[in-house]
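Data block below; observations after.
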Amino acid sequence: MMKEASAPAQGASKYNAPDNFTTAGDPIRTFAAAIAQDTGATVDPIGDGQLHRFDCPEGKRGNRACWYVLHLDRWPAGAYGNWRTGITDTWRADHNREHDREQGARIAAAIDAARRQREREQAQAQDNAARRAQRLWSDAKPATAGHPYLARKRIPALCLRQHGDCLLIPLRTVADELVNVQRIHPDGTKRFLKGGRIVGAFALFGCELPEEGELYIAEGWATAATIATTLRLPVVAAMNAGNLAPVAQAIRAARPGLALTLAADDDHGTPGNPGMTKAAEAARLVQGAMTWPTTCRQEGCGCTDFNDVANCGRAPR
Ligand SMILES: [Zn+2]
């Protein structure tokens, strides 16, 4: 049995009670409390069985990254989640009562609808970013070697373009579709396009992805450029450690004839060494080889990647 709705607790008077407060006030408040506990957000839930969105408190205003669905009938039940953190949880007013099949199906459908909504929005944002990337790229000029970032990293301007003093690093899929650009400002600040795709996309130092022979997969662009110019081999930059495996797998599927080598950053100063760990994981997934730089480990030098090591001991950067 559902408990009788109790009187609002002290301090709860600010709560904006809906019309059905007398019959469903308790479940609404406990549902709101569950949401607050898991997402940190304060919401006044509406029990209409529809998908409602609200801001994730950690994000910018208007991010609408959190959602809930609440059904208010004999057995109030709902679900909520946070797309930023990946939290999804279900909630029932009466925990002693077994989930009936109809209610279970309804909640599962609500979670599914929320997931599809997120996928739609993500696809839309990726489309917009890809169009913006293509516009920026076609409006840009070939990068010049004098760009402060390139000069500091001692790498060539090959394969890059420049929009004003902003360096553009193109991210493409294995199908050679330009989906995003990383913009690097003269001070080294790096930004991807908002909502743009990164997972499985990469920047290639070379003319095109070869069908056979060797290919190296590194994290950052400067590292990729250093390896490519040293070894005279094509190298792709996955842009971050977490993207090494998705990139390696996408390339492995599209180019089964390529011998892949993961060129790790040695994040020896970071707990868990994400550079080495993620590269090893990617190498294992694609039966690839792995290599990493011999860092100096000298006091005052934070060199971790092939580009750092190539420049280690030179003038301060
Ligand atoms: Zn060093």
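Observations on the structure shown:
- Rounded Å value of the spacing that divides the Cα centres of the range 117-186 and the range 217-296: 20
- Partners of Lys194 within straight-line reach, counting aspartates and glutamates whose Cα lies under 12 Å from its Cα and excluding those fewer than 8 residues away in the same chain: Asp127.
- Alpha-carbon Debye profile of the chain, log10 I(q)/I(0) at 0.06, 0.08, 0.10 Å⁻¹: -0.32, -0.53, -0.72
- Length gained on full extension, Ala151 to Gln298, computed as 0.36 nm times the residue gap minus the Cα-Cα distance: 50.5 nm.
- The range 140-311: C-alpha pair distances exceeding 23 Å, %: 36
- Among the trypsin sites (Lys or Arg not before Pro) found in the range 181-221, those both in a DSSP coil and sparsely packed, with 14 or fewer other Cβ atoms within 10 Å of their Cβ, are Lys194.
- One chain, two ends: Arg116 and Thr189. Fully extended at 0.36 nm per residue, the span grows by 22.9 nm beyond their Cα-Cα distance.
- Proximal aspartates and glutamates relative to Lys278, as straight alpha-carbon distance under 18 Å, when same-chain residues fewer than 8 apart are discounted: Glu219, Asp265, Asp266, Asp267, Asp305
- Placing dummy labels 7 Å off each Cα toward the beta-carbon, the span from Thr42 to Cys207 is 6.3 nm.
- Of the residues Ala203, Ala151, Ala129, the one that moves most in a GNM of the chain with alpha-carbon contacts below 10 Å is Ala151.
- Estimated from helical segments only, the mean residue ellipticity of the chain at 222 nm is -10500 deg cm²/dmol, where each DSSP H run of four or more residues counts as -39500 (n - 2.57).
Only the coordinates and a few stated rules stand behind these numbers; no lab work does. Predicted model, so just to flag it, every value in this text is computed and none were measured. Note: ideal-geometry Cβ built from the backbone for every residue, glycine included; neighbour counts use all protein chains shown.
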